[in-house]
Amino acid sequence: MPLSTQSQTDADQYILIASLDNARNLSNILKAISFKDHAIFNATQNGLKVTVEDSKCLQANAFIQAEIFQEYTIKEDTVGFQVNLTVLLDCLTIFGGSTVPGVCTALRMCYNGYGYPLTLFLEEGGVVTVCKINTQEPEDPIDFDFCSTNVINKVILQSESLKEAFSELDMTSEVLQITMSPSHPFFRLSTFGNSGNAHYDYPKDSDMMELFQCTKIQTNRYKMSLLKPSTKALALSCKVSVRTDSRGFLSLQYLVRNDDGQICFVEYYCCPDEEVEED
């Protein structure tokens, strides 16, 4: 790896080191959750979890497993910090985020603990740039208490079909209504916008439906403004799992393949819209 010579001298200095031959494998998945300025990083032996939240109603988590990195060293059980995600993404793409085949920006990300900056060593074409980003003490993420044992309904779809639905639904609608049912309409997305009401139905035996597990009829509405950020993850993903629990909370889990074909996950949790009465 191009930055390996630097790694020997600084290995003892940091409590967290994560290296990638292709920085896009990190920047792309972070873009999928970049709807607020600040992100909470939580590193464990298993890898990185990056969390972004909005108004205690929406939470997005990106999971980057330790195996994705060419080097991943952590000297404590958990390492946590908060960082400006916009600045981090600007640094990760400082060389322009080249998509030219064979041209990659190598990344070495280092952190020395509380009060220290997050240090990025970026190398492309023999040029090394060092970025230091101020960190803050992490806030505790909201616990949505979304437990698999409380999941009422679950479907897994090919992402292409959901992209198609979002392109056809009326985005002037303030809410997206999701109906999941053991019988017809099975899985329905509904909007109520300027051009009238629109519905998009998926039969349970559709080619686009990989899994259909619905135990009871459930209709919930979610603010479109909260769901719009998740379309960034949808655009990158190849599959999406849609789950609702007994409270009507929504989980959208996106399976994302990076440039090297490795799998990462992005998950969005969203509260139901309490203000809208069911018809």
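When the inverse distances between all different Cα atoms of segment 16-136 are averaged and flipped, the Kirkwood radius reads 14.6 angstrom. Projecting the alpha carbon convex hull of the chain along each direction and taking the average yields 15.8 nm².
Out of every Cα-Cα pair that segment 43-102 contains, those further apart than 19 angstrom amount to 50 percent.
In µm²/s, what is D for segment 151-270 at 10 °C and 1.306 mPa s, where D = kT/(6 pi eta Rh) by Stokes-Einstein and Rh is the Kirkwood radius from Cα pairs? Mind dumping the intermediate values first?
Details: Rh = 14.5 Å.
It comes out at roughly 109 µm²/s.
Taking E168, E160, E53 in turn, the Gaussian network model of the chain (Cα-Cα springs below 10 Å) assigns the largest fluctuation to E168.
For the chain, carbon and sulfur atoms together expose 47% of the accessible surface, with a 1.4 angstrom probe and every protein chain in place. When the Debye formula is applied to the Cα atoms of segment 88-193, each taken as the same point scatterer, what base-10 log of I(q)/I(0) results at q = 0.10, 0.14, 0.22, 0.23 Å⁻¹? Those come out to -0.66, -0.89, -1.12, -1.19, one per q. Heavy-atom accessible surface of segment 16-136, averaged per residue, reaches 41 Å², computed with a 1.4 Å probe. Using a cut-off of 28 Å between Cα atoms, the listed pairs K49/K228; K75/K228; K31/K163; K49/K232; K163/K216 include K75/K228 as exceeding that distance. Only protein heavy atoms count here; on that basis, with a 1.4 Å probe, V130 has an accessible area of about 80 Å².
The values are calculated or read from the model by the stated rules, or taken from the named source; none is laboratory data. Computed from a predicted structure; not experimentally measured. These accessible areas exclude ligands, DNA and RNA; they are computed on the full protein's heavy atoms, side chains included. Shrake-Rupley method; radii C 1.70, N 1.55, O 1.52, S 1.80 Å.
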